[in-house]
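Reading through the structure tokens given below for one structure.
Bear in mind that the values in this text are calculations on the coordinates, not laboratory data. Since this is a predicted model, take the numbers as computed values, not measurements. Glycine gets a Cβ as well: all are built from the backbone with ideal geometry, and neighbour counts include every protein chain shown.
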Amino acid sequence: MTSEVHDITLDALDELELTWNDAPQPEPEAGNRQWGKVFQQFSGEVAKESSGPGPYRLLLAAMSRADNQGHALFAPGELQEILGKNGKPASRRTVFNVLEVLREDGLTYGGGGEHCVWLSREFWSRGRASSGYCRVHKTSGYPG
């Protein structure tokens, strides 16, 4: 059996009158969520090496550190280093602005400042028992 590789350009897709939304999507069963896996070490490496937008880098950094309940602890100044450019750390204001974007998008909870990025329950779960006490948020579980 041989396999063929075809280069398809966006123009060719236009000629075929296909769109990205034409692909069949599975119908989720009631109450059934789809899950994926993240290699945490790799997401941390990408966060440090990427030149992508700040929220993208900070989210990957938090995913690389998150425990079972979504708490990702960082040393003082570490998020400034991750969000910095050209070897220069970002300002604390930049860190807090990026954290606010993630909170507004529902990806994180507030209250951790630059020391704990807490990924939301809707976004992060490792399906394991509680991971212990977060000294920053003073809790061992999710809010509510």
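Given N residues in region 40-119, what is its alpha carbon radius of gyration divided by 2.2 N^0.38 Å?
0.96
Name the residues of region 39-56 whose amide N is less than 20 Å from a point 7 angstrom out from the Cα of LYS88 along the C-beta direction?
48-55
Roughly how many nanometres apart are two label points built 7 Å out from the Cα toward the Cβ at GLU78 and GLU100?
Placing both labels 7 Å along Cα→Cβ, they lie 2.5 nm apart.
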